[in-house]
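Participant: Quick one: structure below, then a few questions.
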Amino acid sequence: MHRKIILRVLVVAAVALAAGLIYRALSQYSPAEIGASIASIPMSNFLTGVGFAALSYLCLTGFDALALRYAGHPLPYWQSALASFTSLAIGHNVGVAALSSGAVRYRFYSRWGLGAEAIAKIIVFCGVTVGLGLLTLAGVCLVAMPESVTGLSGLAPAIARALGCVCLAIVAIYLLFAAFLRGRLHFRKWSFALPSLPIACGQVLIGTVNFAFVAACLHQMLPEEAGYPQTTAAYVVANLTAIVSHVPGGLGVLEGTIAYVIGSAASIGALIAFRTAYFFIPLPFGLLSLLISEMLLRPADKRQEERNLRIKRTAGDMKA
């Protein structure tokens with residue numbers, strides 16, 4: 001009972017914090033500025049950006065599906081998709097994903113019979129998948145077009161290309177470990193097992209495609225002269241900073257990325273449109289999903305008790 005109370009308090013706190021972050025992000029602009037900025041973006045571009053955001057969230061459901069296979073607790077896709085979308089629609093706005101989206105994931109998966117250890121594996125696995133996707137896309141951008149990020153990062157092209165090679169090397173080492181190392185790896189107090197090579201390859205692929213879709217969503221909000229490769233390169237480099245700093249929703253990081261790509265004068269409309277498409281539109285659906293699930297979904301042990309009770313009643317009726 002004590003644990004249930006704590007979880008419900010965390011749910012309420014997450015809803016309140018998400019609402020506060022939306023207010024803080026938008027309160028710096030007047031309604032007229034917001035309306036004019038969004039109106040300056042063609043509706044076809046905005047809707048296309050929303051489509052790319054939806055594809056990104058679809059990729060993110062694949063994170064959980066793979067994580068459940070890795071943890072040895074595969075569930076029907078609708079369950080992993082529900083837990084993934086709800087947790088990330090909230091966690092993307094709240095920030096500190098390991099705590100915010102992790103708490104929501106725990107709420108869902110514990111209902112469906114998973115223990116704390118399995119849920120922890122899922123959360124860590126999804127975090128590793130994010131890192132692998134970001135490292136892969138950043139490595140490709142830094143190696144293929146280092147000049148695209150030198151203005152944002154201040155690095156010389158040769159150094160940027162070298163860092164790109166390091167990013168790709170880390171991903172390659174991870175895949176090699178997954179292919180040839182078996183058993184558990186030990187690092188200080190932690191012990192973990194690597195996924196199989198097919199699952200590891202799936203992590204790299206789906207993680208990279210996810211960030212490509214996010215960058216495509218951002219690109220749709222920018223003027224025509226902003227190229228997709230330049231936007232992608234700037235975005236993934238900025239996201240490395242966002243993940244390290246645990247900034248909620250990339251606050252400040254996205255502003256720097258967009259200002260670098262198109263200049264600060266035109267950044268308000270693109271910034272608001274992107275945040276609306278990728279953060280604010282999914283958030284109410286995630287909150288609604290969480291609230292409905294709190295009312296409708298029951299813990300696995302309670303469902304099992306009800307099944308046992310029905311079996312006993314059926315057996316009693318047969319005897320009678």
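The values are calculated or read from the model by the stated rules, or taken from the named source; none is laboratory data. These numbers come from a predicted model, not from an experiment. In this analysis, Cβ positions are derived from the backbone assuming ideal geometry, glycine residues included, and neighbour counts consider all displayed protein chains. Surface accessibility is based on the protein's heavy atoms, side chains included, excluding ligands, DNA and RNA. Shrake-Rupley method; radii C 1.70, N 1.55, O 1.52, S 1.80 Å.
Participant: Taking interchain pairs and intrachain pairs at least six residues apart, which have beta carbon atoms under 9 angstrom, with the first residue in region 175-192 and aromatic (Phe, Trp, Tyr) and in a helix (DSSP H, G or I) and the second at pLDDT 65 or above and surrounded by 14 or more Cβ atoms within 10 Å (Cβ to Cβ)?
Facilitator: Listed by first residue and then by second, the contacts come to 177/194; 177/200; 180/197.
Participant: For region 105-140, how many residues meet the condition of being farther than 13 Å from residue 171 by Cβ and assigned to a helix (DSSP H, G or I)?
Facilitator: 19
Participant: What's the number of the only condition in (1) over 16 Å from the mean Cα position of the chain (by Cα); (2) at pLDDT 90 or above that residue 116 fails to meet?
Facilitator: The number of the failed condition is (2).
Participant: Does residue 277 meet the test of being farther than 20 Å from residue 167 by Cβ, assigned to a helix (DSSP H, G or I), open to solvent by less than 60 Å² (accessible area, probe 1.4 Å) and modelled with pLDDT under 80?
Facilitator: The answer is no for residue 277.
Participant: Which residues, taken from region 52-90, are over 13 Å from the mean Cα position of the chain (by Cα) and touching a residue at least 40 places away in the same chain (Cβ under 8 Å)?
Facilitator: 52, 66, 67, 68, 69, 70, 71, 72, 73, 82
Participant: Sort out which residues of region 53-83 are open to solvent by 50 Å² or more (accessible area, probe 1.4 Å), touching a helix residue (DSSP H, G or I) at 6+ places or on another chain (Cβ under 7 Å) and not in a helix (DSSP H, G or I), and write them in order of number.
Facilitator: Once the filter is applied, which keeps residues that are open to solvent by 50 Å² or more (accessible area, probe 1.4 Å), touching a helix residue (DSSP H, G or I) at 6+ places or on another chain (Cβ under 7 Å) and not in a helix (DSSP H, G or I), region 53-83 yields 73, 74.
Participant: Here's a follow-up. Sort out which residues of region 205-237 are modelled with pLDDT under 90, under 18 Å from the mean Cα position of the chain (by Cα) and open to solvent by 10 Å² or more (accessible area, probe 1.4 Å), and write them in order of number.
Facilitator: Passing the criteria: 235, 237.
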